[in-house]
1. Rounded to whole Hz and in sequence order, give me ³J(HN,Hα) for region 97-103 from the Karplus expression 6.51 cos²θ - 1.76 cosθ + 1.60, θ = phi - 60°, writing x for Gly and Pro.
2. List the residues, sorted by chain then number, that are 5 or more residues from Val48 or on another chain and whose placed amide H is less than 5 Å from its amide H.
3. Residue by residue through region 63-79, which ³J(HN,Hα) values in whole Hz follow from phi under the Karplus form 6.51 cos²θ - 1.76 cosθ + 1.60 (θ = phi - 60°), with glycine and proline marked x?
4. How far, in nm, would the chain grow between Arg118 and His16 when pulled straight, counting 0.36 nm per residue and subtracting the alpha carbon separation?
5. Mind giving me the nanometre distance, one decimal, between the label points for Asp52 and Ala73, set 7 Å out from Cα along Cα→Cβ?
6. Go through region 159-169 residue by residue and turn each phi into a ³J(HN,Hα) via Karplus (6.51, -1.76, 1.60, θ = phi - 60°); whole Hz please, and just put x for glycine and proline.
7. Could you give the nm distance between label points at Asp135 and Gln31, where each point is 7 Å from its Cα heading toward the beta carbon?
8. Take the cross-link list Lys12/Lys148; Lys110/Lys148; Lys110/Lys170 and give me the ones stretching past 30 Å between alpha-carbons.
Amino acid sequence: MKNSYPATPAYKLPRHIESDPSFTKILSLLQAHTRKLRDGSKLNVSLVELTDALTNALLTAYRAGHVIRGLEAAAEKLDHERSGLLKLKQRVAQGERISRLVLMSNDGSKRFYSEADRLLEKHFPRVLGWVVDLDSSNLGSLLFGPEKSAKIILINHKEAVSQILLALIKDSNVSLTERAPNSNMEDLTNERDK
């Protein structure tokens, strides 16, 4: 199955988010500050700042069992779901809406971001990718306890994804980082390597 990637993706958010009055604000926040994870990437990821509302939404998703930690575990889960969806599509017309969310820490290596980018490309347009303005130690300890790290997590339930999307606009201060839009992730990896 070959995916076509728009230059600027038109996100198809979950249906009930599209009917929410906040829809256009969420969409503009997602598209305001983006980066490519690697040179030659076909997709952009949003750069997201961790707010209190986003923290609460992530913790709720974790408590409900909708968070998977690690690149391999996320890839395995998405591949399994993809297999089922391909079988279902043969019988029923399915829309291509975002139903999963991959959050990455801001301290990954070039190799890590390349692998994460391939994962997002493979599962486009169903999976949305974000880089959270948080290192892997803090992201891991937030959800999994002290001294646990997480470079990547998968939110694997569409209701949890919807609540996280809505959390973007709940805090009145900032939701996305103020870095220049559409630049490469290299500045993040270079900052970390200093």
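1. Values per residue, Gly and Pro as x: 9, 5, 9, 9, 9, 10, 10 Hz.
2. Close amide H contacts, sequence-distant or interchain: Val131, Val132, Asp133, Thr177.
3. Using θ = phi - 60°, the values come out as 4, 7, x, 9, 10, 10, 9, x, 5, 5, 5, 5, 4, 4, 4, 5, 5 Hz.
4. Residue separation times 0.36 nm, minus the Cα-Cα distance, leaves 33.9 nm.
5. Each label point is offset 7 Å from its Cα along the Cβ direction, giving 2.9 nm.
6. The phi angles translate into 5, 5, 4, 4, 5, 5, 4, 5, 5, 4, 9 Hz.
7. 3.5 nm
8. On the way: Lys12/Lys148 33 Å; Lys110/Lys148 22 Å; Lys110/Lys170 32 Å.
Beyond 30 Å between Cα atoms: Lys12/Lys148; Lys110/Lys170.
Values quoted throughout were computed directly from the atomic coordinates according to the rules given, and no laboratory measurement underlies them. Quick caveat, the model's predicted, so the values are computed rather than measured. Counting neighbours? That spans all protein chains shown, and the Cβs are built from the backbone with ideal geometry, glycine included.
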